[in-house]
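Encoded as structure tokens, the structure appears first; notes follow it.
The values are calculated or read from the model by the stated rules, or taken from the named source; none is laboratory data. Please read all numbers here as calculations on a predicted model, not as lab measurements. Using ideal geometry, Cβ is built from the backbone for each residue, glycine included, and neighbour counts are taken over all protein chains shown. Please note that ligands, DNA and RNA were not included when accessible areas were found on the heavy atoms of the full protein model with its side chains. Shrake-Rupley method; radii C 1.70, N 1.55, O 1.52, S 1.80 Å.
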Amino acid sequence: MCLLILFVIRLSIDGLAQSSHIRGRVLSEQNDEAIPFANVLIKGSSQGASCDSLGKFKLSGTGRPDTILVSAMGYHSLAVPVSPLSDQTLIIRLVPTEYTLSEVTIRPGENPAFEILRKVIANKPQNNPDELQAYEYNAYHKVEFDLNHFTEKIKQNIFLRSFNFIFDNTDTTADGVTYLPILFNESASDIYYRKSPKLKREIVLGRRSVGLKGPKILQFVQDMYLHPNIYDNYVFILDKNFPSPLNDNYKANYKFYLIDSLYLGKDRCYYIQFSPRVKQDIAFSGEMYIEDSTYSVKRIDLQFSIEANVNFVRNYWIRQEYEKVDGIHNMIVKSQVIADFTVAENSKELTGFFGRKTSSFRNYIINQPRDDSFYKGLEIVSFHDSSAIRTDDYWFETRKDSLTRQEQSVFSMIDTLNKNPKFNLLKTSVNTLTTGWLPLYKIGIGNLYTFYSYNNVERSRVKFGFRIGKNSNDRFHLKTYVAYGTYDERFKYFTEASGILSRQGSKKNLIGASVKRDAIQPGRSENMFTLDHIFNSFTSTAATNFRIYSEEQNIYLERQWLTGLSSRLTYFRTKWQPFGAYKYWQINGDGSLNTLAAIKNSGFQLSSRFAYGERNLTAKYGDGLESLYFPKYPVISIDYIKNVKELFNSDYDFQKLRIRIEQKLRLKKAGYSLIRIEAGKIWGEADWPLLETPYANQVIFNDETAFNLMNYMEFVSDQFVRIMIEQHFEGLVFNRIPGINQLKWREFIFAKMYAGSLNPQNLNSSIIKPYGIGALSEPYSELGFGIENIFKISRVDFIWRMNYTEKPGIYYFMVKPSFFFKF
């Protein structure tokens, strides 16, 4: 008997000691396409894996498995026999279930899922977290980005082969894909919500990021921090509006299939699957578990892939899990995101990167609002004083777990790379090519693309400049350059210095001053590259007349009151001279003419800007936003100027007010509208160089903030209204045209209008307006349409000028491209 027992034990040990590796790919029986994120489980054990976005998986384990179970939403589950104790590679095909489910009915002619969904919609007021009086919780997020699908050819790339040691950190896990961790980010926050008046605030307790932090990758990271409220009619992901499966009009967007009723933990749930009605629409595929007693969500999986018209995404998968945190309310307690990003979504093997986010939400307090003073004192997002210097012990306690080996490898890899001279040289070269600035210790030399340019006044222009401090959090900034025109034989220069006086959280006070002697172009949009950029030398569509040689001195104080609200008070002094083939001709009292060498102007300027949630917002009127997306609420800019006559020999005494409102309105399935409205007025007498002139664009590239067929200084006014509207349909039409829908083009239309007038004293001012500059007799307008998302980075506008077409030197139609990053 003893020998028998020993023999059995020996067999068990031998079996446990031997391991097997099962690799494979899960495909659809219908079309042989990969089934992403399918589940693979060894029968009779807890060992399993999820497929990656290409349907690949890998199982490694000990024992003698003889069967694996494969399942995926929308497909029949399958038991697949395997050979024990041997490595093997499998191709597994699952049969779709959707063809038979539609025949299941509860009432004649109705989908059985609809009865459940009606009750889910009816119970939204009780189950939607945002309908609670108040709640608060602790949130922890962990994000990892991994380079994936890299080959030996990539490893031997001329730029990478010197850093082969980084590939020592590669791994192939149960996800089935070889990957290299390149970025690790984690954060901890306290979230506070109150329904009436509605407020949601976040206090960031800790945040750190380690890895290759390119600016676009960090924008991907920031987007993955969002976790949508599934009870909303539309959820916002990657700058797109996705209809929620729980949309009040759920039948319009999705097909639903009631699969079963089962238990999820202790709760009996309805198991429902869903998919888009039109594959190319921006919509989800997925599954959800609905608790049968409260009709609230217990778990939901959302997924979209390359079939949806979203750029750079092979697959995107979200899972949200809910629990009763107080015995009554189901609140989200865990969220997972897996995203597969790449330049070419249709290429299954092209190198891209995974984004993986795991979030936990705990310590809920429900319906216990704090005092009004608590909410009033908080900003939209504020940072704890120690948020950037948290210790490893803090992070261990916060995440309740240790870092995985892959996550730890990011820290060691980046430390090694930062000590490698070749890597630092490569990083510097890439940064210089993309930004135009060459970093040299703490100084940046540049912008290199402005060191030589050509125009019809200076002819060849050479320049040299540098800056100190490039990040908004640097306490001191200095930017300066000197330039020389070979034809006008003038030196030009510019210097601006600013420093942060005080900082408390996102609130800060700074002081700055600048001096400048250089050419400016009135009516040129701040949205385009600078006036002396090399591209301007060969991309102009007309001669650039009416430039001004400006001598300027400015001193300003700026305060960022809170996240997204800044103000600036400036004292300015200017002296403007003609720069080119024109002069300031002045009519004297007796009707004779003489020329003015310059016009002088001094005064004060007060500017304020509001952009909800925008960090490091400058108050300078006309500046753009740093973020990838438009804020949720309108961006409002206000600019008031008071010119004071006799102040440092100023020639003028007038006031000027401008107000600009910019808003991105999301229109559900119809895409979005981009609206820009600006109005202004001048009180008092001002000569034509100081009057308001519309933003025009005389280069071959499109500027969406300007009038693209108008010449600089073509019109002037002392009171005006500017309206620009773009309607982006996000492929609503093109997605339904066979063949065209494969290109993922997106259509849009636009209209632009400028109305303005001059009062009699400014219409007949003493300085004569040169030929080509005049007042408006009717509103100027441009109309057109366009195609965007061409090769994912470009847009083409077809533009018509609707009036003033009889004027010489203008275009009444033009096609203009532009280039930008957009999902």
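What is the ratio of the Cα radius of gyration of segment 345-478 to 2.2 N^0.38 Å, with N the residue count, to two decimals? Please list the in-between numbers first.
Values: Rg = 23.6 Å, N = 134, 2.2 N^0.38 = 14.1 Å.
Normalised Cα radius of gyration, segment 345-478: 1.67.
Would you mind calculating the gained length between I636 and S502 on full extension (0.36 nm times residue separation, minus the Cα-Cα distance), in nm to one decimal? Could the numbers behind the result be given before it?
Details: separation 134, 0.36 × 134 = 48.24 nm, distance 2.53 nm.
Extra length from I636 to S502 when fully extended: 45.7 nm.
So for each of 688-696, 450-458 I average, over its residues, the number of other beta carbons within 10 Å; can you give me the resulting order with the highest mean first?
Numbers: 688-696: 23.0, 450-458: 18.6.
With the highest mean Cβ count within 10 Å placed first, the list reads 688-696, 450-458.
For segment 376-449, take the alpha-carbon Rg, divide it by the Kirkwood Rh, and send me Rg/Rh. Walk me through the intermediate numbers first.
Details: Rg = 18.6 Å, Rh = 16.3 Å.
My calculation puts Rg/Rh at 1.14.
Report Rg(Cα)/(2.2 N^0.38 Å) for the chain, keeping two decimals. Present the calculation step by step, with values, prior to reporting the outcome.
Values: Rg = 31.5 Å, N = 823, 2.2 N^0.38 = 28.2 Å.
Taking N as the residue count of the chain, the ratio is 1.12.
Take the Cβ-Cβ distance between F476 and K213 as r, set R0 to 22 Å, and report the resulting FRET efficiency rounded to the nearest 0.05.
After rounding to 0.05, the efficiency reads 0.45.
Suppose each label sits 7 Å from its Cα in the direction of the beta carbon; what would the E29-I259 distance come out to in nanometres?
Going from the E29 label point to the I259 one covers 1.6 nm.
Where both partners of a DSSP beta bridge lie in the chain, what percent of those bridges are antiparallel, to the nearest 5?
Working: 271 of 284 bridges.
Percentage antiparallel, nearest 5: 95.
Given 25 °C and 0.890 mPa s, how large is the Stokes-Einstein diffusion coefficient of segment 584-708 in µm²/s, with Rh as the Kirkwood radius over Cα pairs?
139
Hey, what's the Kirkwood Rh for segment 360-413 if you take every pair of different alpha carbons, in angstrom? Display every interim value, and only then the final one.
Values: mean 1/r = 0.0675 Å⁻¹.
This gives a value of 14.8 Å.
What does the convex hull of the alpha-carbon atoms of segment 438-504 project to on average, in nm²?
5.3
Report the residues of segment 131-148 in range of a label on N363: point 7 Å along Cα→C-beta, backbone N strictly under 18 Å from it.
So the set is 135-142.
Rule-of-thumb check for segment 667-765: C-alpha Rg over 2.2 N^0.38 Å? Kindly include the intermediate steps, with their values, before the conclusion.
Working: Rg = 18.7 Å, N = 99, 2.2 N^0.38 = 12.6 Å.
So segment 667-765 has a normalised radius of gyration of 1.48.
Quick check on segment 505-557: what are the equivalent-ellipsoid semi-axes from the Cα gyration tensor, as sqrt(5λ), descending, whole Å? Before the final figure, lay out each step's value.
Details: eigenvalues 172, 51, 16 Å².
Listed largest to smallest, the semi-axes of segment 505-557 are 29, 16, 9 Å.
Jot down the per residue volume, in cubic angstrom and as a whole number, of the convex hull over the alpha-carbon atoms of segment 244-301.
Values: hull volume 4.2 nm³, N = 58.
Expressed per residue, the convex hull around the Cα atoms of segment 244-301 is 72 Å³.
In the chain, carbon and sulfur make up what percent of the accessible area (probe 1.4 Å)?
Values: 22400 of 38960 Å².
That share works out to 57 percent.
Step through the residues of segment 232-246 one at a time and calculate ³J(HN,Hα) from phi using the Karplus curve (6.51 cos²θ - 1.76 cosθ + 1.60, θ = phi - 60°), rounding each to whole Hz and writing x for Gly and Pro.
Once rounded to whole Hz, the list reads 5, 5, 9, 10, 10, 9, 6, 6, 10, 9, 9, x, 6, x, 9.
Compute the orientation-averaged projected area for segment 405-537 from the convex hull of its Cα atoms and round it to one decimal in nm². Write down the numbers at each step before the final one.
Values: hull surface 46.7 nm².
Hull-based average projected area comes out at 11.7 nm².
Going by alpha carbons, how many degrees (0 to 90, nearest 10) lie between the helix axis of 405-418 and the longest principal axis of the chain?
40
To the nearest 0.05, what FRET efficiency results for I810 and Y454 with a Förster distance of 22 Å applied to their C-beta separation?
Numbers: r = 23 Å, r/R0 = 1.07.
According to the calculation, E is roughly 0.40.
Between Rg and the Kirkwood Rh of segment 468-529, both from Cα atoms, what is the Rg to Rh ratio? Please report the intermediate quantities before stating the final value.
Working: Rg = 15.6 Å, Rh = 14.2 Å.
Over the Cα atoms of segment 468-529, Rg/Rh equals 1.10.
Using the beta-carbon distance between N803 and A513 and R0 = 51 Å, what value does 1/(1 + (r/R0)^6) give for FRET efficiency, to the nearest 0.05?
Values: r = 44 Å, r/R0 = 0.86.
With a Förster radius of 51 Å, E is 0.70.
Starting from 0.36 nm per residue, how many nanometres of slack lie between L426 and N594 once their C-alpha separation is accounted for?
Values: separation 168, 0.36 × 168 = 60.48 nm, distance 5.93 nm.
The L426-N594 span can extend by a further 54.5 nm.
Mind grabbing the accessible area of D590 for me, 1.4 Å probe, Å², rounded to tens?
120
I need two numbers for segment 461-579: Rg to one decimal and Dmax as a whole number, Cα atoms only, in Å.
According to the Cα coordinates of segment 461-579, Rg and Dmax are 16.7, 50 Å.
In Å², what does the accessible area per residue of the chain work out to with a 1.4 Å probe? Mind dumping the intermediate values first?
On the way: 38960 Å² over 823 residues.
That works out to 47 Å² for each residue.
State which entries of K240/K324; K213/K442; K744/K822 exceed 21 angstrom in Cα-Cα distance in the structure shown.
Values: K240/K324 30 Å; K213/K442 19 Å; K744/K822 13 Å.
Cα-Cα > 21 Å for K240/K324; rest within.
I need the semi-axes of the equivalent ellipsoid of segment 707-823: take the C-alpha gyration tensor, multiply each eigenvalue by 5, square-root it, list largest first in whole angstrom.
Numbers: eigenvalues 276, 35, 26 Å².
Value: 37, 13, 11 Å, ordered largest first.
Per the Cauchy relation, a quarter of the hull surface: what is the mean projected area of the convex hull of the alpha carbons in segment 547-651, in nm²? Could the numbers behind the result be given before it?
Numbers: hull surface 37.0 nm².
Over all viewing directions, segment 547-651 projects a mean Cα-hull area of 9.2 nm².
Once amide H atoms are built 1.01 Å from N in the peptide plane, which residues 5 or more positions from M814, or in another chain, come under 5 Å H to H?
The list, which skips near neighbours in sequence, is I799.
If amide hydrogens are placed 1.01 Å from N in the peptide plane, which non-local residues have theirs closer than 5 Å to the one on K240?
Distant-sequence amide H within range of K240: zero hits.
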